[in-house]
Each structure stands twice: as C-alpha cells, then as structure tokens.
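The values are calculated or read from the model by the stated rules, or taken from the named source; none is laboratory data. These numbers come from a predicted model, not from an experiment. Here Cβ is always computed from backbone atoms with ideal geometry, including for glycine, and neighbour counts include all displayed protein chains. Note: areas computed on protein heavy atoms with side chains; ligands, DNA, RNA excluded. Shrake-Rupley method; radii C 1.70, N 1.55, O 1.52, S 1.80 Å.
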Amino acid sequence: MKTSISLSPTIIVIFGGTGDLNLRKLAPALYNLYVEGFMPEKFAIIGTARRPLTNEKFRDTLMDGVNSFSRTGKVNKEKWEKFSENVHYNPTDVKDSASFDELKVVVDKFKDEFGAGTQILFYLAVSPDLFPPIAKRLAKFKMAENEDNCRIVVEKPFGKDLETARELNALLKERFKEKQIYRIDHYLGKETVQNIMAFRFANSFLEPLWNRNYIDHIQISVTEQLGVGERGGYYEGSGALRDMIQNHLLQLLCIIGMETPINFNADEIRDKKVDVLKAMRPFSAEDIRFNTVRGQYTKGWVEGKEVPGYRHENGVDPDSNTETFAAIKFFVDNWRWQGVPFYVRTGKRLFQTSSLITIQFKDVPHHIFPPAVTEHWQQNRLIISIQPEMSIRLQVQGKRPGLDMVLNPVDMVFDYKGTYTTQSPEAYETLLLDVMTGDQTQFMRADQVETAWELLMPVIHAWETKKSLSFPNYSADSWGPEDAEALIARDGFHWFALPLNKD
Ligand code: BG6
C-alpha cells in the first residue's frame, strides 16, 4: 500500500466500459480510491463500448455496480456526485478506425485540459480477441506514444497457450515498451498475497527454515464453492489449468519458492519469480500420468439447493472434456527445493471456498514423549490463509493443561480481523493504484507468462488429446475426485483445510 502519493493528472480509458469487470471490480475500486483520497486531483474515466449511451446513463450503470459490489457498500451520494463528474462515456467500435479516431479526439481534449505530464491508462477489460485490434489502433493513432506516461493494462487470459501468448506478447512489444504493459493477475493485488512477501522477507526467523532441510512439502489449494455460472462459454475453452493454475496458483508458488530479492524493485522481484518457474521440473508423459489429476463436477447439493453438473451449465458441451478441477504435484529443481513436493489443487463446486497455502515442516528428529502422550501429534505447519479468512497460523505442539502430560497441536494465530480495524483494500484498488503510480511489481512480465505456459503445455496437450473417460468424476460439494486424494496420500500426506468458519 502506498503511503503518500501525489499523482499526475490521469485519463483512464476503459475498453469494455459496460462489461461485468468494470461494474463489479473496476468502478468500485476507482470509487473507493477516490473516497480514500488516492485518486489524482485531476482525472477522467472514459468508458467505451459499442452501444450508444449517454454520460448520465453510464454513470447510473456504474453506480449500480458500485452499490452492488463495493466492499464499502452503497455509495455516499455527495461523494458519488463529485466522483461521477469525472466519468464519461464514448461509444467506440474497436474494430472500426473511424470510431477510434473519435475516441482520440475525446482523449486529446482531456489531455489538453489537464496539461503537461498527463498520464493515460488504457484498460483492456474486453474479451481477448479484442486485445489485438485495440493494441493495433492505439499504436496506429499514436495514442500511447509517450512511453513514460501511457500504459496499457491487459486482463487475463493472456493467451490460450504458449503460442498465442507469444503472439500477443510480440504484438504488444512491437508497439509498446515492456514498461508500458501491465498484465493483470488479480491474485497479486490481494492484501494477504502481498503480505507473504513481508512475512518471508521482513522476518529473520523464517529464512533458515525455508528450504528442503526443514520443509516436508507445500500445498497450495484454491477451492471454490461456486460453479461456472454464466461463464460456461468462456470456461469451456479454458478449464481449471488455464483459468487458475497457469496464472494465480503458479504466481503463489513463485512467491513461496523465490529466492530473496536484493531490493523491492519490480524487475528484481520478477526476476526472482521467473527463476522459480525456470527451475520447475518439466513434465514427462509419466509425470502427467502419475502427478496430475483432472476432474469435472456432476450435479449435487450446495447449501440445501440442487445445482447442475458442469455439462448442464449454460454454454457447455453436454459431452465436455473440460476440467473444472486440477491437482498437480510439482517439483522445483534447485538447491533450495530439491525433493520437496509442491501440491497444487484448484476447482469449482467444491466443499469450501478457500485459498490456502500450507507449509508442512519435517518432524522432529527424535520423539522423546511416549506414544500415549502424543496421540494427536502433528508436524509443525505454517498455514497462510489468503481468503476468506485472512490469517497466518503456525501450528505447534503444546501441552494440554492438566496434571498429566498430553500433547496436542495448537495454533499461534495472526488474524487480520483481530489485529487490524481497517478494512483491507480490494485487489483491484491496489492494482489500479499501482498502474497510476507506474509500479509494475505486482504485474506479470512477458517472460513470466510465457514460462508458465511452457511448463504447462505438455499437461494441456495431454488432457486435450486424451479425453477423460471418467468425467464427470466428483459431485458438487465434495473435495474433488478421489484420485486427487490419492495423489497426495501416496506420499503419506493429506490435503489440509481450515475448519469451516461458523460466524
Ligand atoms: C478468475 C477466474 O481469474 O479468478 C475465475 O477466471 C475465478 O474462474 C476467480 O473464479 C477467482 O478469484 P477470487 O479472487 O474470487 O479468488
């Protein structure tokens, strides 16, 4: 989080202005930044989409979005009035040069009004097939020429595979400098994810333990209770591997696995992360067979309501081979992590919504207590809960109070709720502010995206070419397919989950 900021005048052009992402995430984030005093003194938000719309109608649409989705609840009328004076709408067909020309006139008008040093951010909150036409026209109309003041924000998915990611990178890099390109992975903006860096690199006790000598294995588990909902059309061409593992989960793995950066500079941190990806063991056909599991949900009951199986969701092929669950055992072949398995799993329609990183430490070298005392013995665990609970727990053995000596695991807990009274910003608030301040630390660099794709391509290819005969293989409200339990149980471990919060 920034501490004191004075931002240059900023124009934010949002392609996909009437889309879901703007209504649910961007507009609430920009409004909250405004309310908390983090927007520049002079700014203009220009929403674009194809359909004609008045400024007033567009502002109302965004207000509905903020009212429904902002972490701070409904808008304050007075503040909204002031904020929305800076919100404008310009109908734009991004495939039509004449229409783009008109957009340029509007942007230039604000640029002239705001004066020298005005920053222009182009946010591509549109479907990926529109990234190329927009990028090409931004370049053609020389709208992002100033490499210090003009930035392009590209949403995920960044490519569909290694080849398309390379093509998109090439297309962007031909027209813009890397320092202008902000590839979003919203997980990197989450408060608890940023805190992993603080926890790892601002505390001295961890580093000596953070390696193969003391760590048994690591689990990264991002489970969701929701199904694909209305996004079936998109998800059919994606699946859990592309949608979650290629980006969010591998990024979490990089933060856990990276070496200590020499400073907090964007490129230094991204260098260290990409080193992890480069050290990850490539998948052989045998690895794919034994170290990966895919699943697809069938119908079931969630909180007393019957929910459809994936193949019955809107926009989904009734014979779909798309995975809604993936579990993979990775290895990072370097000095620090040799031999330590990283188990990663993610899926939709699972029993619990929870993003959890569990570091399980090795057992003590020698047990001095008799078995009767240690019936509930549990190796030490560090549990980083990203959401919904925001906490870090260190699970240690303790003596249960009483006259007899009985040990049981207890948690030493750092819990955001109990420690801080202020609400954490949403990931998009953090990331939008980063774009405005020109800080690329929490954004994906071209080589990170490509290396992550490169690693997963053999799995993607194998899963696509060999149709799963067992799909659907887990019921909604379960923990996924049994094979995912076996994947980790074979090594003597089990997936860890926090008990459900009953608040
Ligand atoms: C998105 C995926 O990137 O992340 C979605 O496309 C997924 O399928 C979402 O549901 C999860 O994000 P969060 O912040 O809700 O954990």
message = Quick test for you: out of GLU163, GLU147, pick the one residue that is free of Cβ contacts under 8 Å to residues at least 40 places away in the same chain, more than 22 Å from THR48 (Cα to Cα) and in contact with a Lys or Arg (Cβ under 9 Å, 6 or more places away or on another chain).
response = GLU147
task = Tell me which of these LYS109 doesn't satisfy, since it passes every other one: (1) in a helix (DSSP H, G or I); (2) within 30 Å of the chain's Cα centre (by Cα).
result = (2)
ask   = Identify, please: which residue in the stretch 218-232 is part of a helix (DSSP H, G or I) and more than 10 Å from the ligand (Cβ to nearest atom) and is, among those, surrounded by the fewest Cβ atoms within 10 Å (Cβ to Cβ)?
value = GLU230
remark   = Of the residues in the stretch 237-251 that are more than 10 Å from the ligand (Cβ to nearest atom) and either modelled with pLDDT under 95 or hydrophobic (A, V, I, L, M, F, W, C) (or both), the one that is surrounded by the fewest Cβ atoms within 10 Å (Cβ to Cβ) is GLY237
task = Report, by residue number, each residue of the stretch 122-151 that is over 10 Å from PHE15 (Cβ atoms) and among the aliphatic types (A, V, I, L, M).
result = ALA135, ALA139, MET143, ALA144
inquiry  = Among the residues that make up the stretch 116-133, is at least one of them open to solvent by 20 Å² or more (accessible area, probe 1.4 Å) and more than 30 Å from ASP161 (Cα to Cα)?
reply    = yes
message = If I ask for residues that are buried (at least 16 other Cβ atoms within 10 Å of the Cβ) and over 14 Å from the mean Cα position of the chain (by Cα), which ones from the stretch 148-159 would you list?
response = ASN149, CYS150, ARG151, ILE152, VAL153, GLY159
ask   = Where residues in the stretch 162-197 are more than 16 Å from the ligand (Cβ to nearest atom) and among the β-branched types (Val, Ile, Thr), which of them is least open to solvent (accessible area, probe 1.4 Å)?
value = ILE181
key: Number of positions in the stretch 85-121 that are in contact (Cβ under 8 Å) with a residue 24 or more places away in the chain and either closer than 13 Å to ILE12 by Cα or aromatic (Phe, Trp, Tyr) (or both)   = 17
Matching residues in the stretch 379-403 - criterion: being within 16 Å of the ligand (Cβ to nearest atom) and open to solvent by 40 Å² or more (accessible area, probe 1.4 Å) = GLN387, PRO388, GLU389, MET390
ask   = List the pairs whose first member sits in the stretch 216-239 and is farther than 13 Å from GLN296 by Cα, whose second member is assigned to a helix (DSSP H, G or I) and within 8 Å of the ligand (Cβ to nearest atom), and whose Cβ atoms are under 8 Å apart, counting only residues at least 6 apart or on separate chains?
value = VAL222/MET244; VAL222/HIS248
request  = Please enumerate the residues belonging to the stretch 68-95 that are out of contact with any Phe, Trp or Tyr (no Cβ under 9 Å at 6 or more places or on another chain) and open to solvent by less than 60 Å² (accessible area, probe 1.4 Å).
outcome  = ARG71, GLY73, ASN90, PRO91
Single match in VAL435, VAL410 (criterion: without any contact (Cβ under 8 Å) to a residue 24 or more places away in the chain and surrounded by 15 or more Cβ atoms within 10 Å (Cβ to Cβ)) = VAL410
